[in-house]
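Report on one structure; see the data block that follows.
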Amino acid sequence: MGAMFTTIPWASALILLPLAGGMICFLWPRMVNALGLITVFATALSVIGLGWQIINDGVYHHPIGGWGAPLGIDLYADGLSLLMLSMTALVGICISIYSTAYFKREHTTRFWPLWLFLLGALNALFLSADIFNVYVTFELMGLAAVALVALAGGRDALGGAMRYLLAALLGSLAYLLGVALLYHGFGTVDIALLSQRVEPSPVLWATLGLMSAGLLLKTALFPLHFWLPPAHASAPAPVSALLSALVVKASFYILLRLWLEIFEPVVDDKSVASLLGLLGAAAVIWGSVQALRQTRLKLLIAYSTVAQIGYLFLAFPLAAAAGVTAWSAAVYLAVSHALAKAAMFLAAGNLIHFGGHDRIADLDRVVQRLPLTAGAFALAGVSIMGLPPSGGFIGKWLMLEAALTQERWDLVAVMILGGLLAGAYIFKVLGYAFTQADITHESKTVPASMEWAALLLAMGAILLGFLAVPVLSLVGIGDPFGVSEVRP
Amino acid sequence: MNWDAWLPLLVILSSLLPGLIIFALAEERVRLRTVLNLSGALIKLALVGWMLWGVYNGNHYETRLALLPNLDLVLRAGPLSLFFVTLSAVLWMVTTVYAIGYLEGSPHRSRFFGFFSLCVTTTVGVALAGNLITFLLFYELLTLATYPLLVHRGTEAARRAGRTYLAYTIFGGALLLLGTAWLYSITGTLEFAPQGGFLNGIGKEHHPALIIIFILLIAGFGVKAALVPLHGWLPKAMVAPAPVSALLHAVAVVKAGAFGIVRVVYDVFGVEFAADLGVTGPLAWLAAFTIIYGSLRALFQDDLKRRLAFSTVSQVSYITLGVAIAGPIATIGGVVHLVHQGLMKITLFFCAGNLAETLGIHKISEMNGVGRRMPWTMAAFTIGAFGMIGAPPIAGFITKWYLGLGALEVGQDWVIFVLAGSSLLNAAYFLPILHRAWFQEPPDAWPEEHNFGRKETAWALLLPPVLTAILALAVGLLVTLPFSPLEWAKLIAAREFYQP
Amino acid sequence: MSTAFLYALVGMGLFSLGLYALIVHTHLLRKILALNVMGSGVFLVLVALAKRTGEIQPDPVPHAMVITGIVVAVSATALALTLTLKLNEETGRAELPDEQRESH
Amino acid sequence: MNADIYAILLLLVVAWPLLLAIPALHSRLPWSRHLAIIPAAMLTVLPGDASLELSWLLFGTGFAVNSETRWILLMTVAIWFTAATLSKPSMRDHGNHATPFFFLTLTGNLGAILATDLISFFSFATLMGYSFYGLLIQDSNDEVRRAGRLYIIFLVVADLLLFEALLLAAFTTEDLRYEAVREAMAGASSLQFYLWMVLIGFALKAGVWPAHLWLLATYRSVQRSTALLLMGVPVAMGLLGAVRWLPLGEFDIQGTSEVIQIMGIVAFLYAAQKLIRRPALKILPAWITIAVTGMFIAALGAGLAHPAIWRQYEYLSYPFIAFMGILLATLTFFTSRLQDSPQSINLPSPRMAAFHLWVARCFNTLQRWTKESLFGFQSYWSSTWLKTLKQIQRMLDWQKPEGFVGEWSARITLFVLVGLALAWLAA
């Protein structure tokens, strides 16, 4: 049984299942909800299967069709990929459950195929072993995401989608140019091979610049974040959740991989890492301040994403001396942010669904009627603020530890300040849960599945605070952070 | 199955689980909610009693869960933790009864009692924390659990107070996080150890950093302990319902901060090491200043609860003062005040709540002759007030006695003058209240009188303050009996702080 | 300077030109065109650099990439055009709307 | 057997009036005020010494009765009995708000007499002192209230001083019974400090000149039964406390003892001078009290200077206090009977009024200063120079009320301050 379990090509299933599911949903629009849910659950099962394989046998490597790089498509999964895949599966399930109740009939037929394509693209991206595949999955992901944003219709959503599309394409093209140069320079697109072959050269520098620029644009790092708030704020709630939780993380994941495997060992100069850290710090402050200034709930959450992405980049300047700790921190922050932010957007969706608007100042009537949603928002907020016990706290703690061992007081200050600002904007919303408002407002009921989906995600973000030891040991499989240094 | 290892966790669960169930209860299920509340409180009391007996006989109770690599979540029941746990368990019980009476018929009770239970859960967690990170975890949770209680009324004033509270506490939490992480990066451990065992091996070059860490930690805890100038939130927080104020001032928030200071000085740094660093002296001065300042401000408040709040600012710093004087006897005085102040202050707040709830009295200027209308309530108030002044044989006297002796013992005679000044000011702001209540003629009509038949007020409102007042008197009168707070504080000092 | 390198430089030029146009122009159609120009530039670089080892047979891999890239570019352009049309229906203009306004 | 009865009786002396303080109880008992004194009266007439150790109470309490305390007890019982008779013509005690305070004060008084150690004495004296306030102001007119305020201020300060003295004693010796403290304090380094704190503390409590102000004020204004109690409660207890707390008969304390003697004599002369100038009849007993307490203080000073003499005559001090109490009470009783007309509730003397004005002003100024120093920074910065000048002027104003500096009260204050400074220097 165990043997059979390990022989199934789970990784391929991870990509093919959602793509096939998307096609079927497209062809069979009547049962789209059921089909979609089945596909998502099957995909999640595949993640468990793959996890089983990786935990038992170590790093997973699979050339599809036996072609091998550079022409064929290689699949590669280590602890880091597995974590990302699990995150995608978990968030995906909750969002899928939420979506069955959220969308109207005519929207479901469009939502499900697009979402399943997006899921397939994400899985493929996390499993990719070569940089060109990454480009293709980027594009698939990007196009599906843009279409999903446009799903809401209306001026804001279409404008947001358009902005997003332009930014995504620009980022992809920059990245592709980088791929071209890398291939020209070192003759392969396989990440593992590249990491053996690269050496300092002008080509490498050009590549570094182009790829980083493209990926930063896609990750929406300050000051390239301009497209994110309109897109994330105007999309339908589950789509916002997907974008903020998963899509942004995908490009960060690639940047992380490239940096770890290709650039970091070669680039002696610390200025690039410092620059990334600086931008991250600026993002934390700027995003938080902007979030605090917003009067609309979804924009607030979107700007919070801008800020939280900044945290991830603080790991770059810290990695030089405290590699494992810093990277673990970034990854942990990314995952807990995914759970928490998805929960937040879903909660916001509930509030909008119930009250018909997302003006923060008028939320009081709404929040009190939806205690579960308020709870979800609050729990997610705890993680975003980095308060214990939550995944966000663990991530922040590790990051602080890394910064403190190197006495990077500037970054420490940024982290602390970011936490304070986060507290301010989270409680700006939560304060309305406790006012004495008359309930005279016109309102619709919110299906229980929508409330529970948000709450489950938020509880996941909290629970992550207690799972640091197993999760970090899982990430360690395959030694993705390269250096096996001893912790202080 | 070794139950000893899970007892601390069970103590926490005994209020956590009822709290979570209460959240899910419908508003009108009063009976079930009451049963849940009270049974949780009783179970907790029983567990705590069991552990008290065990620890007295030298047992150890420790729950340990992995939180991070090399960093565990530790719940440990030592004498000091149990001291605080017992206080919370007993006063939780009393306050629950009071809250049930106080909130009868008001909206959002499920929410209230849910957060109420969470609040106690986190307080007990703070008490049982066996290392700094566990402490930090529960300390931050405490902030989150008390916020909904604070703004429970939902008025604009309540929301403003809530914002102020958060601004202070989240800032304090950030300082604490920074200090904790920094300490960890230097030492690689955060375990509480008597005499700050793990810091003794730290080289001289780290001493400046350690001083800053001490300041950070004390500032972080000082926010909740309302050390001047970090006390601003406390008087504003008076908009909360009376049981919340009572809990806030006597058990949960303020006390958690003071307890944190005790932990930092004794179990993180170690009192001798802290004295070597030269940080206890300034802390003592700050505490002394807070004591005087709080009393001075209290003089000018007409709002009863605000006056009591400033009185808390002053009184809680006795604990800090006792700890910072850094002698065995002063330590006993400081530690024992954790319980003494709790008993006295909770009595005063219950009484203030009774006045507001029964007669609509919120201001001291409205209190004329109230002693004739509500003799039992005001008798309890009188005991609390005299205790605060330090009149023998009430609990507050014992504290001042030990603080004074402790200060003499280590040659810090100036503390005596601070104590005297504080007593004088306490008398100056409590005696006029008592004079009004007992000796002025009552007005023709009270501001907003509720009818309780022949009784002076509802039983659930009357019994708690009377009980806590009797306790405050009893712990002073029966101070030499075993298991009295003072004897237990001596046990703590002997076993944990000043081991031979 | 080899011909291939010249082509690559031209590709780079196209890329830059497209980028400039993308930023400067407000009309969406122009932006889409600019993106396509950028794409062509990248493809040109890829094709040109395929002759990288000095062998007579060029490397097939970049060509495969270009084909994939073109497919992607076509679908992206299609999506972009659809969005432009929708946006035009909604606002009557083929430009990006201003940043979100306060009220709906 | 006999010892058990004594033990129960000793406990009852204190516990019984305490129990009666509960309104539900005393309002149901006839002659409750008299009943409360019964155990004490019984103890007075029973022969022999007895003691009771209550080690579980406080830091270990004890009650004892012997020939010395019996004198005091006798006096106390007599005064309280008279007061009870005077104050309550009716049998039932219903709705009188002062009654609980009557019982509480009684408890404190009896407890303080019977207590065998410093802490118990202090505890009971505190109970007595604060409850007595309730008796003082039961008439609740303005003058009474002013007098009550004076009383309570003196009481709080006295208690503070005694608390500090107690701390010093506890720091020196573990055993806080009277004899042990006497012996220990005689050789202690903090002796001077202790000495002065005890003296000033009890002088404030007993209304010894120059702290006689509250005594005069209250004596003038309260009703007859309470005026009677004044002699037995604060005055006699203050003197008793001084005798018990001071390290008398142990050690020759040069210098300080002379100062004390001089102060006592000055107090006596001052009161005598007043008496010669024939004050109103009603106030006469108060001045006599002040004269007598002055003499007593002088005697204490002598006792401090000559331990041998003190040891020889120590046994006399208790009957002296007792007789003094009874005498003064009787005097009070009769003078008030003589003047029992409505006009005798006389107006405050101009001097007293000035003093009250001064106290009120001081208090207001203190309040304003504190307020300004606490909150005034902002307004200070924003205010114009003129405003600041005005503020300064206002702050200076209190120093020159018309004719005030020529008044006694200022000299008295100065005197107290000098005393304090001396004590400080001596310590």
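The values are calculated or read from the model by the stated rules, or taken from the named source; none is laboratory data. Treat the numbers as computed from the prediction; the structure is a model and nothing was measured. Neighbour counts run over all protein chains shown; Cβ positions are idealised from the backbone, glycine included.
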Log entry, pairs with first residue in segment A:177-192 being of a type in the set (S, T, N, Q), second being modelled with pLDDT of 85 or more and part of a helix (DSSP H, G or I), beta carbons closer than 7 Å, six or more apart or on different chains, reads A:Thr188/A:Leu194; A:Thr188/A:Arg197
Please go through segment D:35-88 and give me each residue that is buried (at least 17 other Cβ atoms within 10 Å of the Cβ), without any contact (Cβ under 8 Å) to a residue 40 or more places away in the chain and charged (D, E, K, R), ordered by number.
D:Arg70
Restrict the check to segment D:25-33 and report whether at least one residue is under 29 Å from B:Thr480 (Cβ atoms) and under 27 Å from the mean Cα position of the chain (by Cα).
no
Inside segment B:473-494, can you point out the residues that are small (Gly, Ala, Ser) and within 14 Å of chain D (Cβ to nearest Cβ)?
B:Ala474, B:Gly476, B:Ser484
Given (1) surrounded by 24 or more Cβ atoms within 10 Å (Cβ to Cβ); (2) in a helix (DSSP H, G or I), B:Leu227 misses just (2)
Considering only residues that are free of Cβ contacts under 8 Å to residues at least 24 places away in the same chain and either under 15 Å from B:Ala240 (Cα atoms) or within 17 Å of the chain's Cα centre (by Cα) (or both), which ones fall in segment B:87-121?
B:Ser106
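To keep it simple, each residue is scored yes or no on (1) among the hydrophobic types (A, V, I, L, M, F, W, C); (2) facing chain B (nearest Cβ under 8 Å).
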residue: A:Phe377; (1), (2): yes, no
residue: A:Ala380; (1), (2): yes, no
residue: A:Met385; (1), (2): yes, yes
residue: A:Met399; (1), (2): yes, no
residue: A:Asp410; (1), (2): no, no
residue: A:Leu420; (1), (2): yes, yes
residue: A:Ile462; (1), (2): yes, no
Condition broken by B:Ala407, with the remaining ones in (1) surrounded by fewer than 16 Cβ atoms within 10 Å (Cβ to Cβ); (2) in contact (Cβ under 8 Å) with a residue 60 or more places away in the chain satisfied
(1)
Test result for A:Leu140, farther than 16 Å from C:Thr82 by Cβ, modelled with pLDDT of 90 or more and in contact with a strand residue (DSSP E or B) (Cβ under 6 Å, 6 or more places away or on another chain)
no
Take segment B:201-211 and flag every residue that is free of Cβ contacts under 8 Å to residues at least 40 places away in the same chain and in contact with a helix residue (DSSP H, G or I) (Cβ under 8 Å, 6 or more places away or on another chain).
B:Ile202, B:His206, B:Ala209
Is it fair to say A:Val179 is under 30 Å from A:Ala34 (Cα atoms), β-branched (Val, Ile, Thr) and buried (at least 24 other Cβ atoms within 10 Å of the Cβ)?
no
The helices (runs of 4 or more DSSP H) lying entirely within segment D:28-127 that contain at least 1 residues which are within 14 Å of chain B (Cβ to nearest Cβ) and within 23 Å of D:Gly201 (Cβ to Cβ) are D:99-114
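Quick grid of which residues meet (1) touching a residue at least 40 places away in the same chain (Cβ under 8 Å); (2) at the interface with chain A (Cβ under 8 Å from one of its Cβ atoms); (3) part of a strand (DSSP E or B); (4) surrounded by fewer than 24 Cβ atoms within 10 Å (Cβ to Cβ):
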position	(1), (2), (3), (4)
B:Thr123	yes, no, no, no
B:Ala127	yes, no, no, no
B:Thr134	yes, no, no, no
B:Glu140	no, yes, no, no
B:Leu149	yes, no, no, no
B:Arg153	yes, yes, no, yes
B:Arg160	yes, no, no, yes
B:Gly173	yes, yes, no, no
B:Ala181	no, yes, no, no
Every pair of residues 6+ apart whose Cβ atoms lie under 9 Å, when the first sits in segment B:437-454 and is within 30 Å of D:Val144 (Cβ to Cβ) and at pLDDT below 80 while the second is of a type in the set (A, V, I, L, M) and surrounded by 10 or more Cβ atoms within 10 Å (Cβ to Cβ):
none
Can you pull out every residue in segment B:35-63 that is farther than 20 Å from B:Leu87 by Cα and buried (at least 16 other Cβ atoms within 10 Å of the Cβ)?
B:Leu36, B:Thr63
Just checking, how many residues over segment A:146-159 are under 19 Å from the mean Cα position of the chain (by Cα) and within 11 Å of chain C (Cβ to nearest Cβ)?
3
Just for segment B:323-335: of the residues that are assigned to a helix (DSSP H, G or I) and in contact with a Ser or Thr (Cβ under 6 Å, 6 or more places away or on another chain), which one is nearest to B:Ala493 (Cα to Cα)?
B:Gly333
Just wondering, is there one or more residues in segment A:343-353 that are surrounded by fewer than 23 Cβ atoms within 10 Å (Cβ to Cβ) and touching a residue at least 60 places away in the same chain (Cβ under 8 Å)?
yes
Which of the numbered conditions does D:Thr99 fail, given that it passes all the others? Conditions: (1) in contact (Cβ under 8 Å) with a residue 40 or more places away in the chain; (2) of a type outside the set (Asp, Glu); (3) closer than 28 Å to D:Asp139 by Cβ; (4) touching a Gly at 6+ places or on another chain (Cβ under 9 Å).
(4)
Among the residues of segment B:6-26, is there at least one that is of a type outside the set (Gly, Ala, Ser) and not in a helix (DSSP H, G or I)?
yes
Being more than 21 Å from B:Ala252 (Cβ to Cβ), within 13 Å of chain A (Cβ to nearest Cβ) and crowded, with 19+ Cβ neighbours inside 10 Å narrows it down to one of B:Leu7, B:Leu73, B:Leu67, B:Leu25, so name that one.
B:Leu67
Quickly run through segment A:368-388 and pick out the residues that are more than 21 Å from the chain's Cα centre (by Cα) and under 21 Å from A:Ala461 (Cα atoms).
A:Leu370, A:Pro371, A:Leu372, A:Thr373, A:Ala374, A:Gly375, A:Pro388
Where residues in segment A:182-212 are facing chain C (nearest Cβ under 10 Å) and in a loop (DSSP other than H, G, I, E, B), which of them is surrounded by the fewest Cβ atoms within 10 Å (Cβ to Cβ)?
A:Gly187
Return the total of residues in segment A:160-174 being at the interface with chain C (Cβ under 7 Å from one of its Cβ atoms) and either at pLDDT below 90 or surrounded by fewer than 24 Cβ atoms within 10 Å (Cβ to Cβ) (or both).
2
Scanning segment B:183-218 for residues that are within 14 Å of chain A (Cβ to nearest Cβ) and of a type in the set (S, T, N, Q), which turns out surrounded by the fewest Cβ atoms within 10 Å (Cβ to Cβ)?
B:Thr189
A:Leu417 being surrounded by fewer than 24 Cβ atoms within 10 Å (Cβ to Cβ), of a type in the set (A, V, I, L, M) and in contact with a Gly (Cβ under 9 Å, 6 or more places away or on another chain)
no
Counted residues, segment B:236-252 - those being part of a helix (DSSP H, G or I) and buried (at least 24 other Cβ atoms within 10 Å of the Cβ)
11
